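A.B. asks: Quick one: the structure is below, and I'll ask about it shortly.
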Amino acid sequence: MEFGKLEGKLAVVTGGCGALGRAICKALLADGLRVAVADLERAKPEEAAASLGRGAMPMPLDVADPAAVAAAVAALRKAQGDVDVLVNNAGILSNNKTVQTEPEEWRRVMGVNLDGAFYLSRAVLPGMRARRWGRIVNICSLAMKSGGITAGTAYTASKGGLSALTFSIAREVAGDGITVNGIAPAYIKTPMVTEQLSEAQRQALLKQIPVGRFLEPEEVANVARFLVSPLSGFITGEIIDVNGGLHFD
Ligand SMILES: NC(=O)c1ccc[n+]([C@@H]2O[C@H](COP(=O)([O-])OP(=O)(O)OC[C@H]3O[C@@H](n4cnc5c(N)ncnc54)[C@H](O)[C@@H]3O)[C@@H](O)[C@H]2O)c1
């Protein structure tokens with residue numbers, strides 16, 4: 001596979017210190033991109049970038065804060081140039097269903113999972129448009145198609161919104177050389193599954209997943225890598241399922 005055309009392009013991966021985010025950063029670095037590891041200060045993006053090695057740089061920010069996003073993207077642009085690739089991966093999980101979800105929790109989940117992707121997208125799109133090339137990849141979830149098997153209402157709705165945001169921006173910028181796609185994974189081997197679900201929930205899920213195992217972060221990262229690469233230039237407004245056969249559509 002020829003990924004060489006990506007050499008030197010600049011990517012921002014939000015939630016880059018997390019289990020999946022880190023795998024995506026590694027994959028993009030392997031393809032020769034420079035990668036800004038965007039995450040909360042407390043997640044230690046400096047340490048993550050240092051351990052990822054050459055080409056990785058820290059980008060501390062709270063994606064739910066529009067002023068912080070604008071400032072961080074402006075600072076990155078000044079230091080490194082325009083952003084070519086944005087992966088909206090930062091996300092928080094809530095398993096509470098409707099009645100148990102407090103309005104503050106609803107807002108918090110929407111703020112990170114949906115608003116954050118919107119703030120980042122609007123900050124990087126002018127630069128992509130000017131150079132007539134760009135890639136946005138949004139990490140959605142099977143939750144938005146299934147109604148949330150274990151995931152709660154705010155999470156499910158936020159990922160539904162993120163999918164609609166994907167479609168909306170994809171249509172808006174299709175003529176500008178920019179593709180916008182999503183990935184809908186289910187049950188990645190990350191703390192969201194290993195810590196936020198009970199052993200009983202995990203065993204029940206394994207029985208329902210036809211491939212009989214949980215998803216490795218690298219398997220999602222490889223799909224992101226494909227969506228970023230020149231190989232996928234005619235795909236836009238698509239949400240790719242990565243769920244081991246748990247759901248077909
Ligand atoms: N784990 C799964 O099974 C699964 C399934 C489907 C979708 N996803 C999605 O994949 C993405 C990554 O999840 P993960 O499993 O790696 O989780 P994770 O908790 O390991 O990583 C999430 C990262 O996002 C960061 N983050 C949280 N709030 C932030 C904010 N306000 N600003 C900046 N960064 C913030 C966290 O610090 C963390 O590093 C999420 O969007 C999640 O919804 C995960």
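A.B. asks: Restricted to the stretch 18-44, and to residues that are without any contact (Cβ under 8 Å) to a residue 40 or more places away in the chain and crowded, with 24+ Cβ neighbours inside 10 Å, which residue is nearest to Ala72 (Cα to Cα)?
C.D. replies: Val37
A.B. asks: Separate question: Mind checking which residues of the stretch 205-249 are surrounded by 14 or more Cβ atoms within 10 Å (Cβ to Cβ), on the phi > 0 side of the Ramachandran plot and within 16 Å of the ligand (Cβ to nearest atom)?
C.D. replies: Gly244
A.B. asks: Any idea which of (1) of a type in the set (Lys, Arg); (2) within 11 Å of the ligand (Cβ to nearest atom); (3) in contact with a Gly (Cβ under 8 Å, 6 or more places away or on another chain) is the one Arg132 doesn't satisfy?
C.D. replies: Answer for Arg132: the failing condition is (2).
A.B. asks: Separate question: Here is a list: Ala30, Ala38. Which entry is aliphatic (A, V, I, L, M), closer than 22 Å to Ala184 by Cβ and either away from the ligand (no atom under 12 Å from the Cβ) or in contact with a strand residue (DSSP E or B) (Cβ under 6 Å, 6 or more places away or on another chain) (or both)?
C.D. replies: Every option except Ala38 fails the conditions.
A.B. asks: Here is a further query. If you check Ala56, Ala72, Ala48, which single one turns out to be at pLDDT 95 or above, over 30 Å from Thr156 (Cβ atoms) and either surrounded by 19 or more Cβ atoms within 10 Å (Cβ to Cβ) or among the aromatic types (Phe, Trp, Tyr) (or both)?
C.D. replies: Ala56
A.B. asks: Continuing with the same structure: I need the helices (runs of 4 or more DSSP H) fully contained in the stretch 127-202, keeping only those with at least 1 residues that are closer than 21 Å to Arg22 by Cβ.
C.D. replies: Fully inside the stretch 127-202 and qualifying: 153-173, 191-194.
A.B. asks: Further question on the same structure: Looking only at the stretch 176-201, count how many residues are within 15 Å of the ligand (Cβ to nearest atom) and exposed (fewer than 14 other Cβ atoms within 10 Å of the Cβ).
C.D. replies: Residues meeting the conditions: 4.
A.B. asks: Now, a different point. Which residues, counting only those in the stretch 50-108, are in a loop (DSSP other than H, G, I, E, B), within 22 Å of Pro126 (Cα to Cα) and away from the ligand (no atom under 14 Å from the Cβ)?
C.D. replies: Passing the criteria: Gly81, Asp82, Val83, Asp84.
A.B. asks: Another question about this same structure. Out of the residues in the stretch 3-17 that are buried (at least 22 other Cβ atoms within 10 Å of the Cβ) and either among the small types (Gly, Ala, Ser) or free of Cβ contacts under 8 Å to residues at least 24 places away in the same chain (or both), which is nearest to the ligand (Cβ to nearest atom)?
C.D. replies: This residue is Gly15.
The values are calculated or read from the model by the stated rules, or taken from the named source; none is laboratory data. Owing to the predicted nature of the structure, the values given are computational and were not obtained by experimental measurement. Note that each Cβ is placed from the backbone with ideal geometry, even for glycine, and that neighbours are counted across all protein chains shown.
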